[in-house]
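Comments concern the structure below.
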Amino acid sequence: MTATRFSTPLRLGTRGSPLALAQANMVKSALIAAHDLADADIEIVTVKTTGDVVQDRALAEIGGKALWTKELDRALGEGEVDFTVHSMKDVETIRPADIALVANLPRADVRDRLIGAETVEALPQGARIGTSSPRRAAQLLGLRPDLAIETLRGNVATRLAAVESGTIDATLLAAAGLDRLGHTDLGAAIPVETLLPAAQQGAVGIETRADDPPTRELIAAINHDATWQCVEAERALLHALGADCHSPVAALARVDTDAITLRAELLLHDGSEKVALVAEGPVDDRLDMARNLGTALLDGASPAVRALFAG
């Protein structure tokens, strides 16, 4: 496949944040390398999403993860763009039937980084932690009930500025996003044994129209199989749980040759309860394994925790 195949540039839809644009350029570079395309063969088109516009409320209060995707979905469905790029942890578990997830780039560092202290234990008594993530809030309160959680949204620069100005004492950011923006030495990485990450954290996904085989074929060439398998397992788990953006849930799958391990935990919002399980099995059985793990987690959870995962 070469650049002469296309009479007009392929249009890659993305949010306009610095991180989203960095990820779009990663996709563009991968496609250029895979297909010997010219730079002009792929045009990056920015689309403003509701999630970018409304920054003063928690995502769960204003419509959930669809606020990151619905405008990009519309642009894709109406032919304004040919494919779109997403941070997978921002993508709803159930997607429109006319849109196909086609590929994942290789997964980056899955950990959270703490900005404002070297460890969770080192945070001052009663420290104000800025986050809009129910998962991060619940995990931190489970470790440190004295912490004060304050809603904080915005892009990476906004959240870093909140710590720098003293508006909050600390925050958590995904290591993958910081690395992609060049902040490789910023913050203290928290081991996954301490803070299990959000499902799909560190993974970038590319979607096309389901009825566009040529573009699907083009994109599929840059898919990273191990990341794809892990993302599939984590999404299957979320679906089995009926999880949404209100649900404090963490999950991480890892592939080793033909085997996959999936760890997950469900929490109460205040961190006072947690149920955690691990499943292992053949990669080919990952979807059934994930669904079974979801059932086992709910079976082992208290009524209060189960109520958060009613779907």
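Some values worked out for this structure:
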| quantity | calculated |
| --- | --- |
| Top-ranked residue of the stretch 166-188 - restricted to ones that are among the small types (Gly, Ala, Ser) and within 19 Å of Arg128 (Cα to Cα), ranked as surrounded by the fewest Cβ atoms within 10 Å (Cβ to Cβ) | Gly166 |
| Residue list for the stretch 207-247, filter: open to solvent by less than 40 Å² (accessible area, probe 1.4 Å), farther than 24 Å from Gly13 by Cα and not in a helix (DSSP H, G or I) | Gly242, Ala243, Ser247 |
| Qualifying residue in the stretch 75-96 (condition: of a type in the set (D, E, K, R), at pLDDT 95 or above and touching a strand residue (DSSP E or B) at 6+ places or on another chain (Cβ under 6 Å)) | yes |
| Restricting the stretch 166-186 to residues that are assigned to a helix (DSSP H, G or I) and touching a Gly at 6+ places or on another chain (Cβ under 8 Å), the residue that is farthest from Gly126 (Cα to Cα) | Ala176 |
| Counted residues, the stretch 35-48 - those being open to solvent by 20 Å² or more (accessible area, probe 1.4 Å), over 25 Å from the mean Cα position of the chain (by Cα) and not acidic (Asp, Glu) | 2 |
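The values are calculated or read from the model by the stated rules, or taken from the named source; none is laboratory data. Every value quoted in this text rests on a predicted model; they were computed, and no experiment measured them. Heads up, the Cβs are rebuilt from the backbone with ideal geometry, glycines too, and the neighbour counts pull from every protein chain shown. Areas reflect the complete protein model, heavy atoms only, side chains present, ligands, DNA and RNA absent. Shrake-Rupley method; radii C 1.70, N 1.55, O 1.52, S 1.80 Å.
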